[in-house]
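Visitor: Sending over a structure as structure tokens; questions will come in a sec.
The values are calculated or read from the model by the stated rules, or taken from the named source; none is laboratory data. Remember, it's a predicted structure, so these values are computed and weren't measured experimentally. Cβ: placed from backbone, ideal geometry, glycine included. Neighbour counts: every protein chain shown. Please note that ligands, DNA and RNA were not included when accessible areas were found on the heavy atoms of the full protein model with its side chains. Shrake-Rupley method; radii C 1.70, N 1.55, O 1.52, S 1.80 Å.
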Amino acid sequence: MHLVYPAVLAALLFSVGLYGVLARRNAILVLMSVELMLNAVNLNLVAFDVWLRDTLHAGQALTLFTIAIAAAEIGIGLAIVLLVYRNRGTADVDRLRDLNEGEDAERYAADTDIPVDPARADGDRPNGPDKKAEAVA
Amino acid sequence: MTGTADVTALAANAHGFLSPAGVEILFLLVGIVTLGAAVVTVTTKQLVHAALWLVAALGGLAVEYLLLTAEFIAWVQVLIYVGSVVVLLLFGLMLTKAPIGRSPDADSGNRWAALAVAVAAAAALVWVVVDAFRATWIDLDGAVQGSTKVSGESLFRYWVLPFEALSVLLLAALVGAIVLSRRDIDGGTKKQPGTTGKAGKADKGGKH
């Protein structure tokens, strides 16, 4: 088999994942795109391992490690996304603008006291998205 | 018919049931399906459909691993990605109350910039890869590269230490996920003000 086939497929999958990471708004869809990018890397590792006939099988061992790290990453990532959703009422990465600087910084600072007040962290969810929504609008 | 001759020749080589040209054609077809599924995954407006198309893309990649004679990786891919990662993603979609139907704001406003970046990256990568490996062929005949026996021997002979370190990493990640997603830490501090609440908060901060 020509080595170009798996290499080109991996490059295109990586680019598709890159588009998804940059263009998606929901954080879970961003995580899906990250999985696509990791899988493109895995395909490259397997293809080059088979091509080089490595005696240590470094490519396949690293592929297994990448799969395990991706599983760990998706677990932590989903926990973080759920925590953000629970605190803010949204999982849209476009709305998480508390560290934003610019002409709207004062307006954001005026009404986004959510992260610095741990007592409100769990209770009143409806306040979060409304304030964020009007801050965005 | 050439098929039977090829099959017998390849069976003598302890290799699969497809001729080399058949492997190549099947790789191309499955690659096209995988790429299409990936594109639909990142462009569809329905969030749950994105997860299901991701299953198609990851399953197609598992078939590609099989065609590259990396059998163990293929089944690990099916087990971990299709079996658990996608289920985790679906749980995440469910717990964040993702809309079931079409959600028009699935893509952010900078999608055209993202498209430009992705197309530029794809063009650069594909050009470099094609130019670099234009005369390189993978020899898929001979012994299977990634059978369970071979993978297990290399993994537990040369890669034992990273393997064990990775198991510790997985344990730490899962404990971290549990700690992050527990609800009763904040609730406990709220219900019991005073010293116990502060202790609980400090404990939570330490675990993070």
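Visitor: Taking a probe of 1.4 angstrom, what is the accessible area of A:VAL46 in Å², to the nearest 10?
Guide: 0 Å²
Visitor: Express the relative contact order of segment B:28-182 as a whole percentage, based on alpha carbon pairs under 8 Å and six or more residues apart in sequence.
Guide: 25 percent.
Visitor: Something else about it: Need one number: nm distance between label points at B:VAL87 and B:VAL128, each 7 Å from Cα along Cα→Cβ, rounded to one decimal.
Guide: That separation, rounded to one decimal, is 3.8 nm.
Visitor: With the crude spin-label approximation of a point 7 Å out along Cα→Cβ, what separation in nm comes out for B:SER167 versus A:ASP98?
Guide: Placing both labels 7 Å beyond Cα along the Cβ direction yields 3.8 nm.
Visitor: Ignoring ligands and nucleic acids, what accessible area does B:LYS97 show with a 1.4 Å probe (Å², nearest 10)?
Guide: Roll a 1.4 Å probe over it and B:LYS97 shows about 140 Å².
Visitor: If you find the alpha carbon centre of segment A:1-16 and of segment A:25-103, how far apart are they in angstrom?
Guide: 19 Å
Visitor: Distance in nm between label sites at B:ALA121 and B:LYS45, each 7 Å beyond Cα in the beta-carbon direction?
Guide: 2.6 nm
Visitor: From the square roots a ≥ b ≥ c of the eigenvalues of the alpha-carbon gyration tensor of segment B:67-174, which class results: rounded (a/c under 1.5), prolate (a/b over b/c), or oblate?
Guide: It is oblate, given that a/c is not under 1.5 and a/b is not larger than b/c.
Visitor: Still on this structure, I have one more. For segment A:1-96, state the average projected area of the convex hull of the C-alpha atoms over all orientations, rounded to one decimal in nm².
Guide: Averaging across all directions leaves 6.3 nm² for the Cα convex hull.
Visitor: On the full set of protein chains, 1.4 Å probe, figure out the accessible area of A:ARG88 and give it in Å² to the nearest 10.
Guide: Surface accessible to solvent at A:ARG88 totals approximately 40 Å².
Visitor: If you take the beta carbon distance between B:SER19 and A:ASP54 as r and set R0 to 30 Å, what does 1/(1 + (r/R0)^6) give as a FRET efficiency, to the nearest 0.05?
Guide: It comes to 0.70.
Visitor: To continue, here is another question. Taking the Cα centre of segment A:1-96 as origin, work out the dipole magnitude from +1 charges on Lys and Arg Cβ and -1 charges on Asp and Glu Cβ, in debye rounded to 20.
Guide: 320 debye
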